1. Report, by residue number, each residue of segment 194-220 that is closer than 16 Å to Q90 by Cβ and among the small types (G, A, S).
2. Scan segment 143-166 and report the pairs whose first residue is more than 21 Å from T26 (Cβ to Cβ) and modelled with pLDDT under 90 and whose second residue is within 14 Å of ligand 2 (Cβ to nearest atom) and of a type outside the set (G, A, S), with Cβ atoms within less than 7 Å and a gap of 6+ or a chain change.
3. If we scan segment 59-71, do we find a residue that is assigned to a loop (DSSP other than H, G, I, E, B) and touching a Lys or Arg at 6+ places or on another chain (Cβ under 8 Å)?
4. Out of the residues in segment 46-81 that are surrounded by fewer than 20 Cβ atoms within 10 Å (Cβ to Cβ) and of a type in the set (K, R), which is nearest to Q32 (Cα to Cα)?
5. Test K171 against the stated conditions and say whether it is touching a helix residue (DSSP H, G or I) at 6+ places or on another chain (Cβ under 8 Å), of a type in the set (K, R) and assigned by TED's automatic domain parsing to the domain that holds G126.
6. Please specify each residue of segment 1-21 satisfying the condition of being touching a helix residue (DSSP H, G or I) at 6+ places or on another chain (Cβ under 7 Å) and exposed (fewer than 14 other Cβ atoms within 10 Å of the Cβ).
Amino acid sequence: MPQTVSKSLLDVHPRELKGIIKEIPTLPVIYQELFQKMQDANVSVPEIAEIISQDQALTSKILHLVNSAFYGYSKEIRTISRAVVILGFQAVRSAALAISVFDFFNGEDSNQIDMTQFWKHSIACGSICKVLAEEVKINQQEEAFVVGLLHDTGKLIEKRYFSDDFDELVKAAQEQEMTWFDTEKALFQIHHATIGKAIFRAWKFPSSVVDAVQFHHTPDSATKFPQLTALAHLGDYMAYPLGYPSPGALPPTGCNPAALKILGLTLEDCQRLIPKIEEDLDGAMEILKLV
Ligand SMILES: [Fe+2]
Ligand SMILES: [Fe+2]
């Protein structure tokens, strides 16, 4: 697997990003097959179960995830078919989407940032998105936690495939005491949110995930999935004071008021939900066992 791509982030123009992403390996065939099948309205439970059960590790990870607090189902689910029947295709697809990304970046190590802290921030964001999604009763509740979990995946692409630029980015952010996003904007023509969009599009993830990841720092620009995008923005913002900061740079300077407006929430509403979020987080951190 190539660990670098042909260009430095310093030279990548946004128009070139699609071509650069093609140099990055795709997800294993089993995920591609799975995501393709799950887009077919006529797909059956046994068909999905059969694809997943070809891979023992994937099967046990999906079962671990669907039995975690994220799904809040009290009885243990022991088979994939049962998971699909009880929780639905969407939940199993969400679990598979999350696991596929975890697996892709498995074993990632870093001298520059604390990877455990990175994953904790991601899980915390997923958990916050989930609780807020329930509160405002949006349509894509299932995808809310996936979007939260995967919002900063672009940073992992930077780290693995543009490691020199990544080192420079972390150094600059710390020296200049800046946020990650502002440091990227100062140094490069692209940033982790657009990189996240490009990779998820190339991996054929649902367009809701692609869009929410793309606009998680600029929720007022989201047009197709504004609520999911606003959730990702708020989830990221709220994760820092809850004790789950993203490593390597300063916290966001504020919350974009557009995100609150889109969801019909106030900061006081978010504050009121903190005990519920903290309760959810305890169980959610179980997901760390997947990485
Ligand atoms: Fe971000
Ligand atoms: Fe983040």
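The values are calculated or read from the model by the stated rules, or taken from the named source; none is laboratory data. Note that the structure is predicted; figures quoted are calculated from it, not measured. Positions of Cβ are generated from backbone atoms using ideal geometry, with glycine treated the same way; all protein chains shown enter the neighbour counts.
1. Passing the criteria: S207, S208, A212.
2. From residues that are more than 21 Å from T26 (Cβ to Cβ) and modelled with pLDDT under 90, the pairs are F145/C129.
3. Just the residues of segment 59-71 that are assigned to a loop (DSSP other than H, G, I, E, B), to begin with: 67-71.
Checking which are touching a Lys or Arg at 6+ places or on another chain (Cβ under 8 Å) leaves us with 70.
Looking through segment 59-71, at least one residue is assigned to a loop (DSSP other than H, G, I, E, B) and touching a Lys or Arg at 6+ places or on another chain (Cβ under 8 Å).
4. Out of the qualifying residues, it is R78.
5. No.
6. To start, the set of residues in segment 1-21 that are touching a helix residue (DSSP H, G or I) at 6+ places or on another chain (Cβ under 7 Å) comprises 3-5, 7-10, 12, 14, 17-18, 21.
Within segment 1-21, Q3, T4, S8, L10, P14, K18 meet the criteria.
Quick grid of which residues meet (1) touching a Cys at 6+ places or on another chain (Cβ under 7 Å); (2) under 30 Å from G248 (Cβ atoms); (3) of a type in the set (S, T, Y); (4) outside the structural domain of P245 (by TED's automatic domain parsing):
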{"site": "M38", "(1), (2), (3), (4)": "no, no, no, yes"}
{"site": "I51", "(1), (2), (3), (4)": "no, no, no, yes"}
{"site": "Q56", "(1), (2), (3), (4)": "no, no, no, yes"}
{"site": "K61", "(1), (2), (3), (4)": "no, yes, no, yes"}
{"site": "Y71", "(1), (2), (3), (4)": "no, no, yes, yes"}
{"site": "I80", "(1), (2), (3), (4)": "no, no, no, yes"}
{"site": "S94", "(1), (2), (3), (4)": "no, yes, yes, yes"}
{"site": "I113", "(1), (2), (3), (4)": "no, yes, no, no"}
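Residues are listed down the side, and each one gets a yes or a no for (1) surrounded by fewer than 24 Cβ atoms within 10 Å (Cβ to Cβ); (2) within 16 Å of ligand 2 (Cβ to nearest atom); (3) outside any helix (DSSP H, G or I):
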{"position": "S100", "(1), (2), (3)": "yes, no, no"}
{"position": "D103", "(1), (2), (3)": "yes, no, no"}
{"position": "G107", "(1), (2), (3)": "yes, no, yes"}
{"position": "I113", "(1), (2), (3)": "yes, yes, yes"}
{"position": "Q117", "(1), (2), (3)": "yes, yes, no"}
{"position": "S122", "(1), (2), (3)": "no, yes, no"}
{"position": "C125", "(1), (2), (3)": "no, yes, no"}
{"position": "C129", "(1), (2), (3)": "no, yes, no"}
{"position": "E142", "(1), (2), (3)": "yes, no, no"}
